[in-house]
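> Quick one: this structure, given as structure tokens, is what I'll be asking you about.
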Amino acid sequence: MTEQKQVKMRPAFRAPGTTEWRALSADGESDKEREDEVRKAREDLKNVLLSSLQMQHLVALAGLGCSLSAGGPSMQDLWNGAVGKEPTDAAKATADKVNHKLATRNIEALLSRIEAFLQVNEDDKAVVDFLNSSKQVILDKCSSFLDIGKLDPHKTFLHRLSRRRARDQRLRVFTTNYDLCFERAARELGGVALDGFSFSAPRRYDPRFFAYDIIRRPRSGDDLGNYLEGVFLLYKLHGSVNWAKGEDGTIHEKDTPSPAEACLIYPASGKYQQSFVEPHLESMAQYLAAVREPNTCVLIVGFGFNDGHLAEPLLAAAQSNPNLRLIIVDPGADEKAKDANGNLYWRQFFNLGGRGEDVWFIKASFEDFAQLIPDL
């Protein structure tokens, strides 16, 4: 029922220092005055986005909402796969051992309890087996859904954001998603994602590759060349379904890594500590630095602020970086900001925008927002 409401949701935006949500589409019964208001709102938002895309630094933080548009699994899907719509006997036995109530239907809370239990009961084979099977489910569900035909929003998003002036910094995309949506969309566009892996096969991870770039060199003459279009930096904050750690500690690409070798930060309370271990450390360091840069726009799309290790630095930057612009995109932005029992970060960002700080809210799905981005 909730998904149906989001499909019919009318996009709107809220500017800093205001409480008004300005509609970006009119319903079928709107009069001419209402249609003029919508047209003016769309034009005003377009101008804001144009100026934002031309700021010196452009950063995108993409969360689960982006993958859902391509058919990716929700947290509920991961729960159903690991535990079952009706909990399996193995799930019940494990929950009893780790003292967790399955009625919560929260995969992150369950895995957190299991990890804590195994810290002092590491030889409990049944719990270890359930944990490994749950990790395998997460790997499979985040790998198997990918359909090139459903990546149009990702392609539009990358195509429009990566067409920046040569003198500006490259677009930087930080994502908490494990899947390969952005990589596949870039490939379909003929673009290049600089993701910290070597250019030659077999591709191995080395943070130095984040500092590389690509130019188009002329065949002759003294011209040193021009930067290639469609190149962007991609940071997988929680790892990727095709990252594997070898016995020698090196990180390399592999089509189907096992749960034991996969370099993923699984949904559990330990992800803060794991974020500061390679290969995730470099991405976190780049993220922390990016939100502190002057003249920076951060687009937050499909991210629910449930990861404190990512939300807290962003909030601190919004409070202390006078040259930072935040544009927060979510189909339920207005409801989440008003929910007194909901996520604290939503209310804090909402209050910052209400006080006139450069925090914009756009109530739109990832698909709708991709179409709202002006083409440079």
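> Within the group Gly221, Gly230, which residue is at pLDDT below 85 and either open to solvent by less than 70 Å² (accessible area, probe 1.4 Å) or closer than 30 Å to Leu64 by Cα (or both)? Before the answer, list the steps.
Working: Gly230 fails: at pLDDT below 85.
Residue meeting the stated conditions: Gly221.
> Pick from the stretch 226-252 the residues that are touching a strand residue (DSSP E or B) at 6+ places or on another chain (Cβ under 9 Å) and in a loop (DSSP other than H, G, I, E, B): which of them is farthest from Arg167 (Cα to Cα)? Walk me through how you get there before you give the answer.
Here is the first cut: in the stretch 226-252, the residues touching a strand residue (DSSP E or B) at 6+ places or on another chain (Cβ under 9 Å) are 226-246, 250-252.
Retained after the next criterion (residues that are in a loop (DSSP other than H, G, I, E, B)): 228-230, 237-238, 246, 250.
Working: Leu228: 12, Glu229: 12, Gly230: 14, Leu237: 27, His238: 30, Gly246: 39, Thr250: 35 Å.
Among residues in the stretch 226-252 that are touching a strand residue (DSSP E or B) at 6+ places or on another chain (Cβ under 9 Å) and in a loop (DSSP other than H, G, I, E, B), the one farthest from Arg167 (Cα to Cα) is Gly246.
> Only one residue in Gln54, Gln119 is touching an Asp or Glu at 6+ places or on another chain (Cβ under 9 Å) and over 25 Å from Phe305 (Cα atoms). Which one? Outline the logic, then answer.
Numbers: Gln119 fails: touching an Asp or Glu at 6+ places or on another chain (Cβ under 9 Å).
Checking each option against the conditions leaves just Gln54.
> Among the residues of the stretch 147-206, write down those that are in contact with a Cys (Cβ under 6 Å, 6 or more places away or on another chain) and more than 15 Å from Leu68 (Cβ to Cβ).
Across the stretch 147-206, there are no qualifying residues.
> Still on this structure, I have one more. Please give the number of the condition Glu278 fails out of (1) of a type in the set (Asp, Glu); (2) open to solvent by 20 Å² or more (accessible area, probe 1.4 Å); (3) in contact with a strand residue (DSSP E or B) (Cβ under 6 Å, 6 or more places away or on another chain).
The single condition Glu278 does not satisfy is (3).
> Next question, about the same structure. Would you mention how many residues in the stretch 326-335 are touching a residue at least 24 places away in the same chain (Cβ under 8 Å), surrounded by fewer than 21 Cβ atoms within 10 Å (Cβ to Cβ) and not in a loop (DSSP other than H, G, I, E, B)? I'd like the intermediate steps shown before the answer.
Going residue by residue through the stretch 326-335, those that are touching a residue at least 24 places away in the same chain (Cβ under 8 Å) are 326-334.
Those still in the list that are surrounded by fewer than 21 Cβ atoms within 10 Å (Cβ to Cβ) too: 332, 334.
From what's left, not in a loop (DSSP other than H, G, I, E, B): 334.
Of the residues in the stretch 326-335, 1 are touching a residue at least 24 places away in the same chain (Cβ under 8 Å), surrounded by fewer than 21 Cβ atoms within 10 Å (Cβ to Cβ) and not in a loop (DSSP other than H, G, I, E, B).
> If you check Asp255, Asp223, which single one turns out to be closer than 19 Å to Gln136 by Cα and either free of Cβ contacts under 8 Å to residues at least 40 places away in the same chain or not in a strand (DSSP E or B) (or both)?
Asp255
> Follow-up. For the stretch 351-362, enumerate the residues that are farther than 19 Å from Leu53 by Cα and either among the β-branched types (Val, Ile, Thr) or surrounded by fewer than 20 Cβ atoms within 10 Å (Cβ to Cβ) (or both). Lay out the reasoning, then the answer.
Start the filter on the stretch 351-362 by keeping residues that are farther than 19 Å from Leu53 by Cα, which leaves 351-356.
Asn351, Leu352, Gly354, Arg355, Gly356 - these are the residues of the stretch 351-362 that are farther than 19 Å from Leu53 by Cα and either among the β-branched types (Val, Ile, Thr) or surrounded by fewer than 20 Cβ atoms within 10 Å (Cβ to Cβ) (or both).
> Would you check which residues across the stretch 1-49 are farther than 23 Å from Phe349 by Cβ, modelled with pLDDT under 85 and surrounded by 14 or more Cβ atoms within 10 Å (Cβ to Cβ) and list them?
Matches in the stretch 1-49: Ala26, Ser30.
> Considering only the stretch 300-307, I want to know if a residue exists there that is part of a helix (DSSP H, G or I) and of a type in the set (D, E, K, R).
Within the stretch 300-307, the subset part of a helix (DSSP H, G or I) is none.
No - not one qualifying residue is present in the stretch 300-307.
> Determine, yes or no, whether Asn242 is of a type outside the set (Asp, Glu) and open to solvent by 70 Å² or more (accessible area, probe 1.4 Å).
On the way: of a type outside the set (Asp, Glu): yes; open to solvent by 70 Å² or more (accessible area, probe 1.4 Å): no.
So Asn242 does not fit the description; no.
> Given the options Ala260, Ala290, name the one that is crowded, with 19+ Cβ neighbours inside 10 Å and touching a Lys or Arg at 6+ places or on another chain (Cβ under 9 Å).
On the way: Ala260 fails: crowded, with 19+ Cβ neighbours inside 10 Å.
Among Ala260, Ala290, only Ala290 is crowded, with 19+ Cβ neighbours inside 10 Å and touching a Lys or Arg at 6+ places or on another chain (Cβ under 9 Å).
> Does Lys236 count as open to solvent by less than 10 Å² (accessible area, probe 1.4 Å), of a type in the set (D, E, K, R) and farther than 26 Å from Gly353 by Cα?
Values: open to solvent by less than 10 Å² (accessible area, probe 1.4 Å): yes; of a type in the set (D, E, K, R): yes; farther than 26 Å from Gly353 by Cα: yes.
Taking the combined requirement at face value, the residue satisfies it.
> Please find, among Gly84, Gly71, the residue that is touching an Asp or Glu at 6+ places or on another chain (Cβ under 7 Å), farther than 24 Å from Met284 by Cα and in a loop (DSSP other than H, G, I, E, B).
Values: Gly84 fails: touching an Asp or Glu at 6+ places or on another chain (Cβ under 7 Å).
Only one candidate qualifies: Gly71.
> Still on this structure, please answer the following. Kindly indicate which of Ala166, Ala186, Ala201 is under 20 Å from the mean Cα position of the chain (by Cα) and either open to solvent by 20 Å² or more (accessible area, probe 1.4 Å) or not β-branched (Val, Ile, Thr) (or both).
Numbers: Ala166 fails: under 20 Å from the mean Cα position of the chain (by Cα); Ala201 fails: under 20 Å from the mean Cα position of the chain (by Cα).
Of Ala166, Ala186, Ala201, the one residue that is under 20 Å from the mean Cα position of the chain (by Cα) and either open to solvent by 20 Å² or more (accessible area, probe 1.4 Å) or not β-branched (Val, Ile, Thr) (or both) is Ala186.
> Please count how many residues of the stretch 127-163 are over 17 Å from Leu50 (Cβ atoms), at pLDDT below 90 and open to solvent by less than 30 Å² (accessible area, probe 1.4 Å).
Going through the stretch 127-163 one residue at a time, the tally reaches 0.
> Now a separate question. Under 8 Å by Cβ, and 6 or more places apart or on different chains, what pairs join a residue from the stretch 90-113 that is more than 13 Å from Asp124 (Cβ to Cβ) with one that is of a type in the set (Ser, Thr, Tyr) and surrounded by fewer than 19 Cβ atoms within 10 Å (Cβ to Cβ)?
Glu108/Ser269; Leu110/Thr104; Ser112/Ser269
The values are calculated or read from the model by the stated rules, or taken from the named source; none is laboratory data. For clarity, every value in this text was computed on a predicted model and none was experimentally measured. Here Cβ is always computed from backbone atoms with ideal geometry, including for glycine, and neighbour counts include all displayed protein chains. What goes into the accessible areas is simple: the full protein's heavy atoms, side chains included, and nothing from ligands, DNA or RNA. Shrake-Rupley method; radii C 1.70, N 1.55, O 1.52, S 1.80 Å.
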